[in-house]
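The values are calculated or read from the model by the stated rules, or taken from the named source; none is laboratory data. These numbers were taken from a predicted model, which means no experiment stands behind them. The area values use the complete protein model at the heavy-atom level, side chains included, leaving out ligands, DNA and RNA. Shrake-Rupley method; radii C 1.70, N 1.55, O 1.52, S 1.80 Å.
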Amino acid sequence: MILFQGIKEVSSAWRDVRRNRNHSVSAGQIAGLNRREERTLRVVREEKILDESSPLLETIRKVRKEIWSYYDVYKGYRQRVTDFVETGIAHTESTRHFLQEEENLLPRVGAITLGVLTGFVLGLRGGRFKRLTYSTLGGLTMASICYPREANEVTQEAIVQAKKYFTIGYNFAYG
């Protein structure tokens, strides 16, 4: 009984210390206890806190366990998706390198044809201009994947020509 009374005195003394912001004095010193008694009270108080299970602690424990169970499930899904994406990236890179090799002429022609046909299928719901535009863009996209250096040179030349013809058109319009 005296021990629990001492705990109450120490906890009330700590409240006083916190209110006064006086951190140089311990709660045991305020309650008139020596260091050994203060250590004993601290150990008993910590054991009592750890042994008690309040409804709040039980709720927190349950919530924490549920969160961890969902996290473990998420971690498994995340690993599967990451593996799937990394496999897809590796296959795409190997296919791109295969298409960019000089000796693979027929696979390049097939890839460009497939790009043209894909554009044509995507433009079927539109008119002739839409089908032509989509087919051209599909073929040019696959050609730029198969021939990246040549596509870069053609693009730079197209930019120069576009600037030249834009200047001509501007001067023609505004004289």
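Stretched out straight at 0.36 nm per residue, the stretch from T133 to F84 would grow longer than its current Cα-Cα span by 14.3 nm. In the complete set of protein chains, residue-level accessible area for Y134 is approximately 90 Å², probe 1.4 angstrom.
For D83, the solvent-accessible surface with a 1.4 Å probe is about 70 Å², rounded to the nearest 10.
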